[in-house]
1. Taking the Cα centre of region 167-214 as origin and charging only Cβ (+1 Lys, Arg; -1 Asp, Glu), how large is the dipole, in debye to the nearest 20?
2. Using only the alpha carbons, work out the radius of gyration and Dmax of the chain in angstrom.
3. Considering only protein heavy atoms and a probe of 1.4 Å, how much of the accessible area of the chain is carbon and sulfur, as a whole percent?
4. So, with +1 on the Cβ of K and R and -1 on the Cβ of D and E, and no other charges, what is the size of the charge dipole of the chain about its Cα centre, to the nearest 20 debye?
5. Sort VAL22, VAL253, VAL230 by accessible area with a 1.4 Å probe, largest first.
6. Report, to the nearest 10°, how far helix 41-51 tilts away from the longest principal axis of the Cα atoms in the chain, using its own Cα long axis and a range of 0 to 90°.
7. What's the angle, to the nearest 10 degrees (0 to 90), between helix 80-89's Cα axis and the longest principal axis of the chain?
8. Measure nothing but the geometry: give the 0 to 90° angle between the long axis through the Cα atoms of 168-179 and the longest principal axis through the Cα atoms of the chain, rounded to 10°.
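The values are calculated or read from the model by the stated rules, or taken from the named source; none is laboratory data. All of these numbers come straight from a predicted model, not from anything done at the bench. Cβ placement follows ideal geometry from the backbone for every residue including glycine, while neighbour counts extend to all protein chains displayed. For the accessible areas, the whole protein counts, side chains as well, though only heavy atoms, and no ligand, DNA or RNA atoms are used. Shrake-Rupley method; radii C 1.70, N 1.55, O 1.52, S 1.80 Å.
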Amino acid sequence: MTDPPLRLGLVGCGRLAELGYVPAARAARGIEIVAVSDPDRARRGLVAAKLGASAHARLGELLAATPLDGIVICMPPEQHEEAAGIAAQTDLAALVETPPAPDAAGALRMAALTPAPWIAFNRRFDQGLELERKMPSGGGLELRMVLHDRRRSSRPLQTGADAMLDLAPHLVDLALFLTGSLPLAVRAGATRDRAGVVFATTRAEVQIECATNRPHHELVEIRSADGRRVAGAERGGRTRGALARLAPGAHPVVRALTLQLEAYGRALRGEDPGPLATAGEGAAVMCVLDAARRSDALGGDTVAVEGVTVA
């Protein structure tokens with residue numbers, strides 16, 4: 001006999017919720033989103049209608065009105081910690097969108113919650129799964145990673161985050177996930193629209209380039225310490241972008257979110273969640289980015305990464 005689907009709430013009804021989590025929830029096995037909340041009446045009404053879910057103005061109202069097994073927090077980063085804490089008070093381990101918090105201090109406090117939340121680094125379920133199969137079991141590595149996007153192309157409802165907070169967390173996490181290593185030191189330079197981060201781990205040298213004002217382009221190149229290409233993935237650019245729009249099937253982000261929701265469901269059932277990121281891993285990412293901001297403030301000097309306790 002098949003178990004009934006887990007009942008999830010969705011907190012925050014912005015573009016990612018509408019265009020990502022709605023189709024992902026429809027496709028995901030073993031879960032359903034039964035309630036949403038957002039202070040904007042129009043936004044919560046739109047997303048609730050697409051899901052056939054109940055709509056609430058605030059998280060507290062949602063939790064009081066609807067029995068849930070889990071909750072997805074898809075709000076601005078500065079609101080993640082409070083929402084995850086409210087969920088933990090009702091014994092719900094939330095799935096928190098990235099970045100987990102604006103800084104390492106907030107991410108570390110979230111990691112200390114009981115039950116601790118999970119972090120929605122969805123690229124683990126896209127490039128991560130593809131590249132993980134090709135990673136050598138040992139030896140030093142060099143990673144080059146690029147993530148460009150035009151912020152206006154996704155029509156975000158809020159655009160407060162800079163490139164360091166908006167895009168870099170995805171690549172830092174993917175690098176740590178693929179190499180299974182601890183970050184050691186960082187040097188960085190950044191403007192609001194662009195961020196360049198180079199960091200050393202216990203296994204790899206990682207070079208990251210992010211921009212929020214350039215056409216969509218994603219690149220991961222992985223080489224051994226002697227320069228031999230080990231693995232790679234690329235998406236975007238004018239030609240690839242046009243071909244992707246013609247390709248059948250769900251958008252890559254929707255596919256990744258679908259797999260991530262299924263992994264979250266397994267975590268809630270006490271089963272193996274696969275590559276789903278822990279709150280401790282989310283805190284490690286933010287420790288790297290805190291060090292990157294200190295480096296940028298010092299003109300690009302190398303800065304040690306502090307506070308990391310989880311690989």
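1. Details: 5 positive and 4 negative charges, 22 e Å.
Roughly 100 debye for region 167-214.
2. 18.9, 61
3. On the way: 7110 of 14060 Å².
The computed percentage sits at 51.
4. Values: 36 positive and 36 negative charges, 234 e Å.
Roughly 1120 debye for the chain.
5. Working: VAL22 0, VAL253 55, VAL230 30 Å².
If we order VAL22, VAL253, VAL230 from most to least accessible, we get VAL253, VAL230, VAL22.
6. Long axis of 41-51 versus the principal axis of the chain: about 90 degrees.
7. With rounding to tens, the tilt is 50 degrees.
8. Compared with the principal axis, the helix lies near 70 degrees.
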